[in-house]
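The structure appears below as structure tokens.
The values are calculated or read from the model by the stated rules, or taken from the named source; none is laboratory data. Computed from a predicted structure; not experimentally measured. Quick reminder, even Gly has a Cβ in these numbers, built from the backbone with ideal geometry, and neighbours come from all protein chains shown. Only protein heavy atoms, including side chains, enter the accessible area calculation; ligands, DNA and RNA are left aside. Shrake-Rupley method; radii C 1.70, N 1.55, O 1.52, S 1.80 Å.
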Amino acid sequence: TLAVVEDIYRPYKPKRKTRASVAKAKGLEPLAQLILAQDHNTDPEKEAQAFLTEEVKDVEEALAGARDIIAELVSDDPKARAQLRTYYQNQGTLCSKAAKEEDSVYSQYYEYTEPVRKAAGHRVLALDRGEREGFLKVWVEVDLERAVTQLSKMFVKAVSGGACALQVRMAVEDSYKRLIHPSLETEIRGQLTAQAEEGAIQVFGENLRQLLLQPPIKGKVALGLDPGYRMGCKVAVV
């Protein structure tokens, strides 16, 4: 699928300036790799001292930069994204609430939740319209702890990782909250909208087909009007 191809290409995709790219420019990538290896004999704070420069003032700044690099590596991992994508599709919840205190045709969605896997097309399109018109705030929600735990199982050596494992765990949590969740939320909502629009086109197409297949009215003249302001009205006589 296109999503899988995008996941594979993601690490090679040209990026704008990110926290990870800034940390790499400061020479912190070797420290990030050292921490990610999670040797229980490695003391990350001691190792970080070797990376202090004019740009990296103290140990905490060095460790924060290393975690930013690890967070981006986690975010770009195709297997991690695929696993979480499946989790979002199966366990995610589509939510909405009122964006302003004002009655509208969208009032039924002012406090609304529905499983992503069961979201009906007409409701998805209504939520999109309400959001565009400023009446709704819409988002996709999942169990944060469960999502972070899934990621941690892939990247954190809980028992043998020592102090480095704690740094990786922090990076994984940051990666999920700051990079992965916003990206997957946008992707899932885009998929729901695309499916809803395709379904709507099929319904309208079938309705039009039934109209066009109606038998002619014998001995009568039919006048058809297509009203329009910008381009004027079109008229057809059959």
May I ask you to give the solvent-accessible area per residue for the chain, in square angstrom, as obtained with a 1.4 angstrom probe? 64
If each part is reduced to its alpha-carbon centroid, region 1-46 and region 162-238 end up apart, in Å, by 37
Restricting to Cα pairs under 8 Å and 6 or more apart, the percent relative contact order of the chain works out to 21
Students often get this wrong, so check it: of Lys153/Lys177; Lys46/Lys177; Lys24/Lys177; Lys15/Lys46, which have C-alpha atoms separated by over 25 Å? Lys46/Lys177; Lys15/Lys46
Ranking Cys95, Cys233 from most to least accessible area with a 1.4 Å probe gives Cys233, Cys95
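Which FRET efficiency value, to the nearest 0.05, is calculated for Lys13 and Glu114 with the Förster distance at 45 angstrom and r the Cβ-Cβ distance?
Numbers: r = 32 Å, r/R0 = 0.72.
Result of the calculation: an efficiency of 0.90.
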Quick check on region 72-210: what does the Kirkwood estimate of hydrodynamic radius come out to from the alpha carbon pairs, in Å? 16.9
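Taking 8 Å as the Cα distance limit and 6 or more residues as the minimum spacing, I'd like the relative contact order of region 159-238 as a percentage. Could the numbers behind the result be given before it?
Working: 21 pairs, mean separation 11.2, N = 80.
14 percent.
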Label region 1-140 by shape, choosing from rounded, prolate and oblate, from the square roots a ≥ b ≥ c of the eigenvalues of the Cα gyration tensor; if a/c is under 1.5 it is rounded, and otherwise prolate applies when a/b is larger than b/c, oblate when it is not. prolate
Multiplying the sequence separation of Glu198 and Thr86 by 0.36 nm and subtracting their Cα-Cα distance, what value in nm do you get? 38.2 nm
Trypsin sites (Lys or Arg not before Pro) restricted to DSSP loop in region 95-131 with at most 10 other C-beta within 10 Å: Lys100
Rounded to a whole number, what is D in µm²/s for region 110-159 from Stokes-Einstein with the Kirkwood radius over alpha-carbon pairs (37 °C, 0.692 mPa s)? 244
To the nearest 0.05, the calculated FRET efficiency linking Lys57 and Glu145 through their beta-carbon distance, R0 being 41 Å, is 0.75
Karplus ³J(HN,Hα) for region 180-185 (6.51 cos²θ - 1.76 cosθ + 1.60, θ = phi - 60°; Hz, whole; x = Gly/Pro) runs 6, 4, x, 5, 5, 4
Stretch Ala236-Gln49 to full length: gain in nm at 0.36 nm per residue minus the Cα-Cα span? 59.2 nm
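Between Thr186 and Ala37, 0.36 nm times their residue separation minus their Cα-Cα distance comes to what?
Taking Thr186 through Ala37 to full extension adds about 50.5 nm, to one decimal.
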Rg(Cα) / (2.2 N^0.38 Å) computed for region 168-238, rounded to two decimals: 2.22
Taking all pairs of different Cα atoms in region 72-112, averaging 1/r and flipping that mean, what Kirkwood radius in angstroms comes out? 12.9
Which one, Leu166, Ser96, Leu52, is farthest towards the positive end of the dipole of the chain when Lys and Arg carry +1 and Asp and Glu -1 on their Cβ? Ser96
Hull surface over four for the Cα convex hull of the chain, reported in nm², is 20.2
Distance from the Cα centre of region 120-134 to that of region 139-157, in angstrom? 28
